[in-house]
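Student: Submitted below is the structure of interest, expressed as structure tokens.
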Amino acid sequence: MTGPGLAWGWHYAAVRPTHYRIDYAINPFMNPADQPHPDRALEQWEVMVATLRALGARVDVLEQRADSPDMVYAMNLGLALGAGPAGPARTVLSRMRYAERRRERLAAGPWFADNGFTVGDLPGVLGEDHGPAFEAGDAFAFGDALVVGYGPRTEESSLGLLAEELDARVRGLRITHPGMYHLDLAFCPLDERRAIVCPDAFDAPSAAAVLDLVPEVLVIDEAEAMTFCANSVVLGDTIVMPAAPPKVRAQLEEWGFRVVLLDLGELHKGGGSVRCLTNPLDVVPGRDLPLVPGGELLLPADEEQPAA
Ligand code: ARG
């Protein structure tokens, strides 16, 4: 790939929205009194998949469980890692914060296994039937680390486990904004040096840390983030987005990206857009994520300690 873009993000899993409803509210966008129109939702999703495929992506489709209305947000099925120098393809299944989404793994596990992934889980049951939450929408390979948001969904105690499990450096960012409950609503890697970032999603040390992490940053404010513009997918020099506020579009175009807009209004009713609806399967440890044997966890608070 020449020009801007990422090495990964050319192969996705997505879940066809055949049982997509708003049965409960686990984020501020969801309102059971405002149901998506089933045919329009399916049509918007079909256009999204066709658009990604036309741009060169491979999109594999899972069927939705009838008892899991949020399963359409495939990003959260698990953290998939493609085959490479670190070994064969594998996935760390999400451990959903809310019981309402915990049946999704009953479909995700077998699907990943059938598609050549070794299916894994974070260790540590912590005295209950469900260990500390980890939702894959909170995790992105960027720079020298797996950047992981925690707070609303992923629990801080998962971060060290993840670092160990993946032999990776994990950089935690504490999310405090209720509307940006997953990292993928506030952080969008564009290429090796650039990302869209909404600092308002984080507490002060984490906002400073994320701005530090990204050499060239496209900062968006809270109102811009609420358009889901950070919940976008990058394919080479093309960024597939649900909205492009003027300042965001201008900066992207200045950097050489082409913006393709999608109408995903029905899918937004559950609180997610293009990124949430797709799960990248081709992030390769050793290529996109440096190998750090034994793992390493870095939290903004640790870095703030004055030098001895
Ligand atoms: N209703 C889903 C939830 O609250 C939306 C998930 C959005 N996905 C994402 N990767 N941010 O869990």
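Student: Where does segment 108-215 land on the Kirkwood hydrodynamic radius, alpha-carbon pairs, in angstrom?
Tutor: 14.6 Å
Student: Full-extension gain between GLN35 and ASP23, please, as 0.36 nm times their residue separation minus the C-alpha to C-alpha distance.
Tutor: 3.5 nm
Student: Also: What are the residues whose amide H is under 5 Å from the amide H of VAL147, where those residues sit 5 or more places off or on another chain and H is modelled from the backbone?
Tutor: The answer is PHE140, ALA141, PHE142, ARG171.
Student: Something else: Using the basic label-point model (7 angstrom from Cα toward the beta carbon), what is the GLU164 to LYS247 distance in nanometres?
Tutor: Placing both labels 7 Å along Cα→Cβ, they lie 4.3 nm apart.
Student: Just to verify a number: what accessible area does CYS198 come out at with the full protein assembly present, 1.4 Å probe, Å² rounded to tens?
Tutor: For CYS198, solvent-accessible area is about 0 Å².
Student: To check my understanding: the extent here is largest minus smallest coordinate of the Cα atoms along each principal axis. What are those three numbers for the chain, in Å, largest first?
Tutor: Principal extents (largest minus smallest coordinate, Cα): 61, 49, 37 Å.
Student: How much of the accessible area of the chain, probe 1.4 Å, is carbon plus sulfur, in whole percent?
Tutor: Carbon and sulfur: 52 percent of the exposed surface of the chain.
Student: Next question. How large is ³J(HN,Hα), in whole Hz, for each residue of segment 181-198 in order, when computed from phi with the Karplus curve 6.51 cos²θ - 1.76 cosθ + 1.60 and θ = phi - 60°, using x for Gly and Pro?
Tutor: 6, 10, 4, 6, 9, 10, 8, 9, x, 10, 7, 5, 10, 10, 7, 8, 9, 10
Student: Given Cα positions, please report Rg to Rh for segment 265-304, the hydrodynamic radius being the Kirkwood one.
Tutor: 1.20
Student: Mind checking segment 183-253 for GluC sites (Glu not before Pro) that DSSP puts in a loop (not H, G, I, E or B) and that have at most 15 other Cβ atoms within 10 Å?
Tutor: GLU192
Student: Working from the pairwise distances between different alpha carbons, so that the mean of 1/r is found and then inverted, what is segment 14-112's Kirkwood radius in Å?
Tutor: For segment 14-112, the Kirkwood estimate is 14.8 Å.
Student: Where does the chain land at 222 nm, in deg cm²/dmol rounded to the nearest 500, when only DSSP H runs of n ≥ 4 count, each adding -39500 (n - 2.57), divided by all residues?
Tutor: -6500 deg cm²/dmol
Student: What Kirkwood hydrodynamic radius do you get for segment 233-297 when you take the inverse of the mean 1/r over all pairs of distinct Cα atoms, in Å?
Tutor: Taking every pair of different Cα atoms in segment 233-297, averaging 1/r and inverting gives 14.3 Å.
Student: Please give the length that would be gained between ARG65 and GLU156 if that part of the chain were fully extended, namely 0.36 nm times their separation in residues minus their C-alpha to C-alpha distance (nm, one decimal).
Tutor: 29.8 nm
Student: Compute the longest continuous run of the chain that contains no exposed chymotrypsin sites (Phe, Trp or Tyr not before Pro); treat a site as exposed when its DSSP state is not H, G, I, E or B and it has at most 14 other Cβ atoms within 10 Å.
Tutor: 99-308
Student: Normalised by the residues of the chain, what does the relative contact order come to in percent, with Cα pairs under 8 Å and at least six apart?
Tutor: About 26 percent, as a whole number.
The values are calculated or read from the model by the stated rules, or taken from the named source; none is laboratory data. Everything quoted here is computed from the prediction, not taken from an experiment. So basically every Cβ, Gly included, is an ideal-geometry build from the backbone, and we count neighbours across all protein chains shown. Surface accessibility is based on the protein's heavy atoms, side chains included, excluding ligands, DNA and RNA. Shrake-Rupley method; radii C 1.70, N 1.55, O 1.52, S 1.80 Å.
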